[in-house]
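First comes the structure, then the notes that go with it.
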Amino acid sequence: MYAIGTEEEAGFILYHHLQAQASINSWDYPEPPEGWKRLGSGCYRVAYLAPSGVVYKVQGRYSNDNDRTWQSNFSEVQNLRKHHLKRFPKGCRLPRWNSFEFPEGKIVVAMEKFDRLLNSLTWQERDSTREARIRMLGILDDVHDTHDANLAYDDKTKEVVIIDWGA
Ligand SMILES: Nc1ncnc2c1ncn2[C@@H]1O[C@H](COP(=O)(O)OP(=O)(O)O)[C@@H](O)[C@H]1O
Ligand SMILES: [Mg+2]
């Protein structure tokens, strides 16, 4: 694991999220705290960007029955742990990540921030990443939800990086 993020920031955003969520319509996601941004959300998690530049993912809903299942932060951490010592093919890599566990088993995942997802690439860039993507999925045959909003592109190194390891 390449440690990133702090327990303080993870705890701060978790408790903000839980508190703010309790006061809004159950299908909305809370506004971020001052100085933070909400980067995106999928069906399961909300990604907040801290003032420090680190992404923190909290679960959209924490409840006893979905905390540890498919697409949860728990399952993301299991998958990252499982694959992080693997040798990745050229043109792709793991994100820097970390995880923090809070009372009642609530997990927050920290991750390096990417400025672009694969769905924002030009056709030319898309062509240039095709082979790396196929090679990477070849060694990760148990990671299934690899659509373009779950993959990022590192502009500096021109590498493809999976950001959603929930499945
Ligand atoms: N490391 C990251 N860098 C930039 N954006 C991110 C990052 N992690 C998540 N996001 C944004 O948040 C969205 C939801 O995160 P994701 O992990 O895919 O959650 P879900 O499991 O709900 O699909 C992503 O599609 C993306 O827009
Ligand atoms: Mg996703």
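Take the conditions (1) within 16 Å of ligand 2 (Cβ to nearest atom); (2) under 24 Å from residue 17 (Cα atoms); (3) outside any helix (DSSP H, G or I); (4) not β-branched (Val, Ile, Thr); residue 99 misses just one of them, which is (1). Considering the conditions (1) outside any loop (DSSP other than H, G, I, E, B); (2) touching a Phe, Trp or Tyr at 6+ places or on another chain (Cβ under 6 Å), residue 71 is excluded by exactly one of them, (1).
For every residue, the table says whether it meets (1) more than 12 Å from ligand 1 (Cβ to nearest atom); (2) at pLDDT 85 or above; (3) charged (D, E, K, R); (4) assigned to a loop (DSSP other than H, G, I, E, B).
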site	(1), (2), (3), (4)
35	yes, yes, no, yes
38	no, yes, yes, no
48	no, yes, no, no
58	no, yes, no, no
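Cβ-Cβ distances below 9 Å connect the following pairs, each with a first residue in the stretch 16-36 that is farther than 18 Å from residue 108 by Cα and without any contact (Cβ under 8 Å) to a residue 60 or more places away in the chain, a second residue that is small (Gly, Ala, Ser) and part of a loop (DSSP other than H, G, I, E, B), and a separation of six or more residues or different chains: 35/50. Of the residues making up the stretch 143-167, those that are of a type outside the set (A, V, I, L, M, F, W, C) and within 16 Å of ligand 2 (Cβ to nearest atom) are 144, 145, 146, 147, 148, 150, 153, 164, 166.
With 113, 90, 86 as the choices, which residue is touching a residue at least 24 places away in the same chain (Cβ under 8 Å), in contact with a Gly (Cβ under 8 Å, 6 or more places away or on another chain) and assigned to a loop (DSSP other than H, G, I, E, B)? Working first, answer last.
Working: 90 fails: in contact with a Gly (Cβ under 8 Å, 6 or more places away or on another chain); 86 fails: in contact with a Gly (Cβ under 8 Å, 6 or more places away or on another chain).
Just a single option satisfies the conditions, and that option is 113.
Scanning the stretch 100-126 for residues that are within 12 Å of the chain's Cα centre (by Cα) and over 19 Å from residue 162 (Cα atoms) yields no hits at all. Within the stretch 1-33, the residues that satisfy the criterion of being loosely packed, with under 11 Cβ neighbours inside 10 Å and under 18 Å from the mean Cα position of the chain (by Cα) are 2, 3.
Flag set for residue 119, criterion: within 15 Å of ligand 2 (Cβ to nearest atom), in a helix (DSSP H, G or I) and surrounded by fewer than 16 Cβ atoms within 10 Å (Cβ to Cβ). Within the stretch 72-80, none of the residues are of a type in the set (Gly, Ala, Ser), surrounded by fewer than 17 Cβ atoms within 10 Å (Cβ to Cβ) and farther than 23 Å from residue 134 by Cβ.
Determine whether residue 100 is surrounded by 14 or more Cβ atoms within 10 Å (Cβ to Cβ), at pLDDT 95 or above, of a type in the set (Phe, Trp, Tyr) and more than 10 Å from ligand 1 (Cβ to nearest atom). Here the answer is yes, as residue 100 does meet what is asked.
With respect to the conditions (1) in contact with a helix residue (DSSP H, G or I) (Cβ under 8 Å, 6 or more places away or on another chain); (2) among the small types (Gly, Ala, Ser); (3) closer than 23 Å to residue 82 by Cα; (4) more than 13 Å from ligand 1 (Cβ to nearest atom), residue 3 lacks only one, and its number is (1).
The values are calculated or read from the model by the stated rules, or taken from the named source; none is laboratory data. Remember, it's a predicted structure, so these values are computed and weren't measured experimentally. Note that we place each Cβ from the backbone using ideal geometry, even for glycine, and neighbour counts take in every protein chain shown.
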